[in-house]
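*Asks:* To start, I am sharing the structure in question, which I have written as structure tokens.
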Amino acid sequence: MVMAGDRAAAGSEATGPARRALLIASATALPIVLSACNGIKVLGAPPAPPADVGTLRTAIDDEAELVANYLAVTGATGSAGLGADAHGRMAAALAAVLSDHRQHLAQLKSRLVAPAGRQPAAAHSPAGAGAGSRGSGVAMTLAQLEQAEQAASDRLIAQLAHLPAGLAQLFASIAASEATHVPYLRAARRH
Amino acid sequence: MTNATATVIAALQIALAAEQAAGYGYGVVGARLPQGSAEQALATADWMAHVRARDQLSQLITDRGANPVPAAVAYRMPGPVRTPAEARALAVTLEDRVAGAYLELVALPESGLRSLGATQVRAAALRAEAWRGSAQAFPGMPPASLRG
């Protein structure tokens, strides 16, 4: 049975073996619905996750990397040559941005329903994450952090098209938050 | 009109209503900021952004065969707006509401409107940041929609 509302099957123009394979793949991705219709039980290996799960996993990894980058920078700002007041203001700004990213990461992870027996997606643990970040363990400069924020924001907005509505809204909101970190950090640098 | 079209129109009208309210609200914001100040110039620039967005949304609604709901003659302010600090707070409230309204567009399946919604959530969040002086973790998202 092919579900009438199945997006992958309905949108496909493929014929022959390729189309049959696609229909089977999409059918196995709907075990609960099939069981309800026909009493068929799907056994064996879990189906490949749909594309939006891959997008979500990538977003989780990106967010974990941002957290790692801020942890590395907040550990290194003591040598930035700032006066005590300026250092305090910048440290507060970095801590605020880090807090935002930790909240982003938690919300993204909460949207991921991993099949039983699979490890949760986030490969990075915030506690020891600094060494795994880009830049060979060297803390990014503030300018690099701002660039990373803008790039992360753009990436999230570019991935909206095929996401479920609720996840698209979360991506859009996080993208907006990350964009605002750019002027926020710039202002903290100036003062 | 199909259900899908009605859903699109409803979301566009929500965004339009938020833009109309923001356009009115920025008039109040500007009036309470020091004459000729940089902040007043910022309020003017933000007001113009909302006017442009309002016109774009009206056009999108018209293109889909519906009539844009006209703006109200006047709007009740969320609180007193007598001082520059209260004017800044109003600007923040206006932008937060605009961001929330555009998230309705992001929930639509049409990729062009979804993208427009996301771009405008980001633009509103950036304007809010300028008035607030700080960033928010989830612009436009009602706290109840967040998990945990």
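*Asks:* Answer with yes or no whether B:GLU104 is in a helix (DSSP H, G or I) and within 30 Å of A:LEU94 (Cβ to Cβ).
*Replies:* The answer is no for B:GLU104.
*Asks:* Considering each of B:VAL29, B:VAL73 in turn, give the residue that is surrounded by fewer than 19 Cβ atoms within 10 Å (Cβ to Cβ) and not basic (Lys, Arg).
*Replies:* B:VAL73
*Asks:* Return the pair list, or none, for Cβ contacts closer than 7 Å from residues in segment B:87-106 that are free of Cβ contacts under 8 Å to residues at least 60 places away in the same chain and surrounded by fewer than 24 Cβ atoms within 10 Å (Cβ to Cβ) to residues that are assigned to a helix (DSSP H, G or I) and of a type in the set (Phe, Trp, Tyr), at least 6 apart or on different chains.
*Replies:* B:ARG88/B:TRP131; B:VAL92/B:TRP131
*Asks:* Please work out if A:LEU145 is surrounded by 14 or more Cβ atoms within 10 Å (Cβ to Cβ), part of a helix (DSSP H, G or I) and either more than 9 Å from every other protein chain (Cβ to nearest Cβ) or aromatic (Phe, Trp, Tyr) (or both).
*Replies:* For A:LEU145, the condition - surrounded by 14 or more Cβ atoms within 10 Å (Cβ to Cβ), part of a helix (DSSP H, G or I) and either more than 9 Å from every other protein chain (Cβ to nearest Cβ) or aromatic (Phe, Trp, Tyr) (or both) - is met.
*Asks:* Turning to a different aspect of this structure: With the requirement that a residue be more than 8 Å from chain A (Cβ to nearest Cβ) and under 10 Å from A:THR180 (Cβ atoms), what does segment B:107-148 give you?
*Replies:* Those that are more than 8 Å from chain A (Cβ to nearest Cβ) and under 10 Å from A:THR180 (Cβ atoms): B:ARG127, B:ARG132.
*Asks:* Another one. Do any residues in segment B:51-78 that are of a type in the set (Gly, Ala, Ser) have Cβ atoms under 7 Å from those of residues that are part of a loop (DSSP other than H, G, I, E, B), where the two are at least six apart or on different chains, and which pairs are they?
*Replies:* Cβ pairs passing all conditions: B:SER58/B:PRO68.
*Asks:* Right, B:MET48: within 17 Å of the chain's Cα centre (by Cα), away from chain A (no Cβ under 14 Å) and closer than 30 Å to A:ARG155 by Cα or not?
*Replies:* So B:MET48 passes the test.
*Asks:* Identify the residue in segment B:50-74 that is in a helix (DSSP H, G or I) and among the hydrophobic types (A, V, I, L, M, F, W, C) and, among all such residues, is nearest to B:ARG122 (Cα to Cα).
*Replies:* In this case the residue turns out to be B:ALA53.
*Asks:* Return a yes/no flag: does segment A:138-148 have any residue that is at negative phi, under 15 Å from the mean Cα position of the chain (by Cα) and at pLDDT 95 or above.
*Replies:* The answer is yes, given that some residue of segment A:138-148 is at negative phi, under 15 Å from the mean Cα position of the chain (by Cα) and at pLDDT 95 or above.
*Asks:* Follow-up. Look through segment A:164-184, keep the residues that are more than 7 Å from every other protein chain (Cβ to nearest Cβ) and over 28 Å from A:GLN144 (Cβ atoms), and return whichever of them is surrounded by the most Cβ atoms within 10 Å (Cβ to Cβ).
*Replies:* Selected residue: A:LEU167.
The values are calculated or read from the model by the stated rules, or taken from the named source; none is laboratory data. Just so it is clear, the structure is predicted and the values come from calculations on it, not from any experiment. Neighbour counts run over all protein chains shown; Cβ positions are idealised from the backbone, glycine included.
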